[in-house]
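Okay, structure first, notes after.
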Amino acid sequence: MKEVEVINVDANQTMELVRELRRIGLVQGRDFDFSYHQAEYSNFGYDLDKPKRAVFKFYIDKYATFYQLKWT
């Protein structure tokens, strides 16, 4: 299993990436899973500790490699 992190995407963009995976025939829960994380701000100002991002977990390594090259 490999993870691909896509940075600076919002929830709508994340769902579009999921739809793209489904269109090509990948099945969520079998071939991949994903999670969306909102931006996290520090308590000391407006600097981002972590930007908004989506994390995709691919259970087949070749898909992770392909999408890592495509999305990051």
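Computed from the coordinates by the stated procedures, all read-outs in this text should not be read as laboratory data. Everything numeric here is computed off the predicted structure, so don't read it as measured data. FYI the Cβ positions are ideal-geometry reconstructions off the backbone, even for glycines, and counts take in every protein chain you see.
Tabulated data
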{"item": "Single residue of segment 32-72 satisfying the filter (exposed (fewer than 12 other Cβ atoms within 10 Å of the Cβ) and among the charged types (D, E, K, R)) that is farthest from residue 22 (Cα to Cα)", "result": "47"}
{"item": "Count of residues meeting criterion [closer than 16 Å to residue 72 by Cα and aliphatic (A, V, I, L, M)] in segment 1-60", "result": "9"}
{"item": "Single unsatisfied condition, residue 27 versus (1) closer than 13 Å to residue 1 by Cα; (2) β-branched (Val, Ile, Thr); (3) exposed (fewer than 14 other Cβ atoms within 10 Å of the Cβ)", "result": "(1)"}
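One line per residue, one yes/no per condition, for (1) in contact (Cβ under 8 Å) with a residue 12 or more places away in the chain; (2) assigned to a helix (DSSP H, G or I):
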| residue | (1), (2) |
| --- | --- |
| 6 | yes, no |
| 12 | no, yes |
| 18 | yes, yes |
| 22 | no, yes |
| 49 | no, no |
| 54 | yes, no |
| 65 | yes, yes |
| 68 | yes, yes |
